[in-house]
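First comes the structure, then the notes that go with it.
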Amino acid sequence: MLDRPYTDLLVWQRSRALVALIYDLTRSFPREEVLGLTNQMRRAAVSVPSNIAEGCGRQHARDTIQFLFVARGSLFERETQCYLAADQHYLNTEQLTTTLAALDECRKLLQGFIRYYKTLTPKSSGAKPTDNSQLTTDN
């Protein structure tokens, strides 16, 4: 449905950068967390760009929206996990603040992308935007 590859989407690029941030942060977590919080945080992180990509590969807007909502849920999951990591003193205040800001940016971008796709569903007013250039980085 997009006229450009999902890899050009700013929301996908920022969520991918967030994966790298989470991997960097969790490298310093205690060994006993490898199968616990470290694994959970990494899985939630990977889920976001993966679901955006899978949603973009779907044929219908409704299917795409469903995957975007899964990605959104993973962002909320990751946010909670960051707070839990801070509670355990695995993240300091600066790391938590930086990560939460990146999460919030991704959430806002994703919500905008969801709104865009909702305009493509049959229940909408019938208007179908043809320009999605604001969603990509190579305008």
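A short reminder: the numbers here are calculations on the coordinates, not readings from a lab. Quick caveat, the model's predicted, so the values are computed rather than measured. Ideal geometry is used to build each Cβ from the backbone, glycine not excepted, and the neighbour counts take in all protein chains shown.
Annotations
- Choice from Thr119, Thr80, Thr93 showing the highest fluctuation, given a GNM over the chain with Cα pairs closer than 10 Å: Thr93
- FRET efficiency for the Arg31 to His89 pair, using the beta carbon distance and R₀ = 22 Å, is estimated at 0.90.
- Relative to the dominant Cα principal axis of the chain, helix 37-56 is inclined by about 10°.
- The chain: angle of helix 61-87 to the longest principal axis, Cα-based, in degrees nearest 10: 20 degrees
- Charge tally around Thr26: other residues with Cβ under 12 Å, Lys/Arg +1 each, Asp/Glu -1 each, net +3.
- The mean sequence distance of close C-alpha pairs (under 8 Å, at least 6 residues apart), as a share of the length of the chain, puts its relative contact order at 30 percent.
- Per-residue ellipticity at 222 nm, computed for the chain from helices alone with -39500 (n - 2.57) per DSSP H run of at least four residues, works out to -22500 deg cm²/dmol.
- Using every pair of distinct Cα positions in the chain, the Kirkwood expression returns a hydrodynamic radius of 15.7 angstrom.
- Crossing angle, helix 93-118 versus the chain [Cα axis fit, 0-90 degrees, rounded to tens]: 20 degrees
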